[in-house]
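Here the structure comes first, spelled out in structure tokens, and everything after it is commentary.
The values are calculated or read from the model by the stated rules, or taken from the named source; none is laboratory data. Quantities reported herein were computed from a predicted structural model and do not represent experimental measurements. For neighbour counting, all protein chains shown are included, and Cβ atoms are generated from backbone atoms with ideal geometry for every residue, glycine included.
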Amino acid sequence: MTTSPLDRAADSFAAELARHRTERGLSKKQLAAMMGFDPSYVSHVEGRRHRPTEDFARRAEAALEASGAIWQRFQEYDHLRHTRSERDQRESGPAGRWMPPATGLIVERELATLTHTEDGYHCVIRRELYNAGVEPVTRYLVRVAVDRYPNDPGRSNRHHREHPLTFAELQLRAHREEAGEREAMHWRTKYDRDAFKEIWLLFENAERRFPLYPGHSATIEYTYTVGPDKWGPWFQRAVRVPTRRLAVRLDLPVDLDPQVWGAQISLSADEGPLRRAITRRDEADRAIFDWSTDDPPLNARYRMQWRFRAQPEPEPEGRRVRPSERMRGLGIVQRGADLLRQPARPFDLPHEEQAAQEIVDRLIAALARLDELHPFAKGVGVAAPQFAIDRAAAVIRPPDRGAEPVVLLNPRVVDAASDLDEQYEGCLSFFDHRGLVPRPLRVDVEHAQFDGGRVITSFEFGMARLVAHEIDHLEGRLYVDRMAPGVPLVPVEEYRESGHPWRY
């Protein structure tokens, strides 16, 4: 069991390395090739069997373009390795002070508040810092990232290329508080990209410098504003520095009828619901949503999402609009149509690459519209026949909303686990009901790429269920064909699992 600060620092380095590698979609073998190392060495470092070297850390930082995060973790580890006596002094700490499972700068409390205004969204981040290291802190790195269409990366990238986020519109302001004094902080740009900014907040201004010395505390606060054309309906906090308490608040107009939910993900777990419930209170014309957690693990991400239901669709002839009618309004073919019972035509790739790309783009755009209508916490998929397109294409958005959509062209299941489980499924083509469907816990799928090549991808648990559901559509099946005889469909009004992922 890891107990020493040195071991914990090595663990933090390994976790940071693994996080950036997985976010880049690289295997250990691929990363090793980029770095010029043997694959087993990368595996041993991530598995905590080998300690990192300076050469390894520098190459990993360069290969993964980690914005200094990997190199920072190595410096923390290397500093501990060379200064054990100072480490021991740090580890004891002031009496009664909470000490995190790492070294250097820590966040004792953070409150992140996002307010919906007439001009867009106003963000205030307030952090109480403590310097548990041995050197003065003179700057603090912060990030501002926007994603207008989080479920459609291609559309978001195009949008932000055409309408880049600028520092002028951000109106970034920062100040520091210590011992009752409040002083402005200067800042300096580190990275300036269309949808992403990294900024150094400096512990100085035009009048003087005020480093955060070892053993001292200070509160920093920074604010910025983003227009509604660039801010998607989610607010995410990532734990990059050891943190004692993290709190998030959404301040939204009551008259927009906000519906809010949350999700969390870490290196050791797939996306799931927040473990602590979001609370709501109304103050005059504002709806305040609060959530908090204590001692969050490093690299964990917490996301609050919302949608506004202020303009419901009109109810025809005085009756309530059925969920299936809303889906029909999006152009989704409903149960009973002949096309849903016919096998889809495969693509001739690469000759039909352009046609395949156009259909996939249409399906990805449909996913974005669907996510504005319904939370789909389990993930969601669409198949071309559901849009009256007789071609073998499907797109699946995983439960992790930050993940890239999975594109399937000419797919077929080549292997499946013998172990089955039953979970409730819904279908966009008859959204008024849910049904209990047995599915294998793993499916191996052979599918085509746009250039005509074919690959086999293995999907497990929730993704296996989503993928199998969409392949059924391409083969002319519906999930009711998979249900056990005599098992009834559940009306959506009686279904109680909306907003929750499948359980495994």
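Would you please list the contacts, defined by Cβ atoms under 9 Å and residues six or more apart or on different chains, that run from a residue in region 333-355 that is free of Cβ contacts under 8 Å to residues at least 60 places away in the same chain to a residue that is assigned to a loop (DSSP other than H, G, I, E, B) and charged (D, E, K, R)?
Close Cβ pairs satisfying both conditions: LEU339/ASP390; ARG345/ASP390.
Can you tell me which residue among VAL414, VAL437, VAL406 is touching a helix residue (DSSP H, G or I) at 6+ places or on another chain (Cβ under 6 Å) and either β-branched (Val, Ile, Thr) or surrounded by fewer than 17 Cβ atoms within 10 Å (Cβ to Cβ) (or both)? Break it down into steps so the answer makes sense when it comes.
Values: VAL414 fails: touching a helix residue (DSSP H, G or I) at 6+ places or on another chain (Cβ under 6 Å); VAL406 fails: touching a helix residue (DSSP H, G or I) at 6+ places or on another chain (Cβ under 6 Å).
The match here is VAL437.
Of everything in region 102-150, what is buried (at least 17 other Cβ atoms within 10 Å of the Cβ), under 20 Å from the mean Cα position of the chain (by Cα) and not hydroxyl-bearing (Ser, Thr, Tyr)? Give them in sequence order.
GLU110, LEU111, ALA112, LEU114, CYS123, ILE125, VAL142, VAL144, VAL146, ASP147, ARG148, PRO150
Surrounded by fewer than 17 Cβ atoms within 10 Å (Cβ to Cβ) and of a type in the set (Gly, Ala, Ser): does that describe SER458?
Values: surrounded by fewer than 17 Cβ atoms within 10 Å (Cβ to Cβ): yes; of a type in the set (Gly, Ala, Ser): yes.
In short, yes.
Quick one: would you say ARG401 is closer than 26 Å to THR22 by Cβ, at pLDDT below 90 and surrounded by 15 or more Cβ atoms within 10 Å (Cβ to Cβ)? Step through it out loud before you land on a result.
Values: closer than 26 Å to THR22 by Cβ: yes; at pLDDT below 90: yes; surrounded by 15 or more Cβ atoms within 10 Å (Cβ to Cβ): yes.
For ARG401, the condition - closer than 26 Å to THR22 by Cβ, at pLDDT below 90 and surrounded by 15 or more Cβ atoms within 10 Å (Cβ to Cβ) - is met.
Could you tell me which of the residues GLU108, GLU86 is among the acidic types (Asp, Glu) and either at pLDDT 80 or above or touching a strand residue (DSSP E or B) at 6+ places or on another chain (Cβ under 6 Å) (or both)? Walk me through it before giving the result.
Values: GLU86 fails: either at pLDDT 80 or above or touching a strand residue (DSSP E or B) at 6+ places or on another chain (Cβ under 6 Å) (or both).
Every option except GLU108 fails the conditions.
All but one of (1) farther than 16 Å from ALA112 by Cα; (2) modelled with pLDDT of 85 or more; (3) surrounded by fewer than 19 Cβ atoms within 10 Å (Cβ to Cβ) hold for PRO258, so report the exception by its number.
With (1) farther than 16 Å from ALA112 by Cα; (2) modelled with pLDDT of 85 or more; (3) surrounded by fewer than 19 Cβ atoms within 10 Å (Cβ to Cβ) applied to PRO258, the lone miss is (3).
Determine whether region 163-172 contains at least one residue that is of a type in the set (Ser, Thr, Tyr), in contact (Cβ under 8 Å) with a residue 12 or more places away in the chain and in the same structural domain as TYR121 (by TED's automatic domain parsing). Talk me through it step by step, then tell me what you get.
Taking region 163-172 as the starting set, the residues that turn out to be of a type in the set (Ser, Thr, Tyr) are 166.
Restricting the remaining residues to those that are in contact (Cβ under 8 Å) with a residue 12 or more places away in the chain gives none.
No, region 163-172 contains no residue that is of a type in the set (Ser, Thr, Tyr), in contact (Cβ under 8 Å) with a residue 12 or more places away in the chain and in the same structural domain as TYR121 (by TED's automatic domain parsing).
I'm trying to understand the selection: among the residues of region 461-474, which are within 12 Å of ARG412 (Cβ to Cβ) and either of a type in the set (A, V, I, L, M) or exposed (fewer than 15 other Cβ atoms within 10 Å of the Cβ) (or both)?
Residues satisfying the conditions are VAL467, ALA468, ILE471, LEU474.
Which count do you get for residues in region 117-145 that are out of contact with any Asp or Glu (no Cβ under 8 Å at 6 or more places or on another chain), modelled with pLDDT of 90 or more and charged (D, E, K, R)?
Total satisfying the criteria: 1.
A quick yes/no check of all residues on (1) buried (at least 16 other Cβ atoms within 10 Å of the Cβ); (2) under 15 Å from ARG73 (Cα atoms):
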residue	(1), (2)
SER4	no, no
MET35	yes, no
PRO39	no, no
PRO52	yes, yes
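Considering every residue within region 157-173, establish whether at least one is at pLDDT 90 or above and part of a strand (DSSP E or B).
yes
Cβ-Cβ below 8 Å, separation at least six or inter-chain, first residue in region 385-401 and within 17 Å of GLN357 (Cβ to Cβ) and outside the structural domain of GLN334 (by TED's automatic domain parsing), second assigned to a strand (DSSP E or B) and of a type in the set (Phe, Trp, Tyr): which pairs?
Pairs found: none.
Report the residue count in region 224-255 for those that are in contact with a His (Cβ under 7 Å, 6 or more places away or on another chain) and polar (S, T, N, Q).
Keep residues of region 224-255 that are in contact with a His (Cβ under 7 Å, 6 or more places away or on another chain), which gives 225, 229-230, 251-253.
The next check asks that each one be polar (S, T, N, Q); those that pass are 225.
Selection size over region 224-255: 1.
Tell me which residues, restricted to region 333-352, are of a type in the set (Lys, Arg) and either closer than 28 Å to ASP451 by Cα or not assigned by TED's automatic domain parsing to the domain that holds VAL480 (or both).
Applying the first criterion (of a type in the set (Lys, Arg)) to region 333-352 yields 335, 341, 345.
Once the filter is applied, which keeps residues that are of a type in the set (Lys, Arg) and either closer than 28 Å to ASP451 by Cα or not assigned by TED's automatic domain parsing to the domain that holds VAL480 (or both), region 333-352 yields only ARG345.
Tell me which residues, restricted to region 380-397, are surrounded by fewer than 22 Cβ atoms within 10 Å (Cβ to Cβ) and either within 15 Å of the chain's Cα centre (by Cα) or in a helix (DSSP H, G or I) (or both).
Of everything in region 380-397, just one residue is surrounded by fewer than 22 Cβ atoms within 10 Å (Cβ to Cβ) and either within 15 Å of the chain's Cα centre (by Cα) or in a helix (DSSP H, G or I) (or both), namely PHE387.
For region 53-65, give me each residue that is at pLDDT below 80 and among the small types (Gly, Ala, Ser).
ALA62
Which numbered condition in (1) closer than 16 Å to HIS122 by Cα; (2) surrounded by 13 or more Cβ atoms within 10 Å (Cβ to Cβ) is the only one that GLN171 fails?
Among (1) closer than 16 Å to HIS122 by Cα; (2) surrounded by 13 or more Cβ atoms within 10 Å (Cβ to Cβ), the lone unmet condition for GLN171 is (2).
So, ASP390, is that one more than 18 Å from GLU460 (Cβ to Cβ) and of a type in the set (Asp, Glu) or not?
Working: more than 18 Å from GLU460 (Cβ to Cβ): yes; of a type in the set (Asp, Glu): yes.
Yes; evaluated as a whole, the condition is true for this residue.
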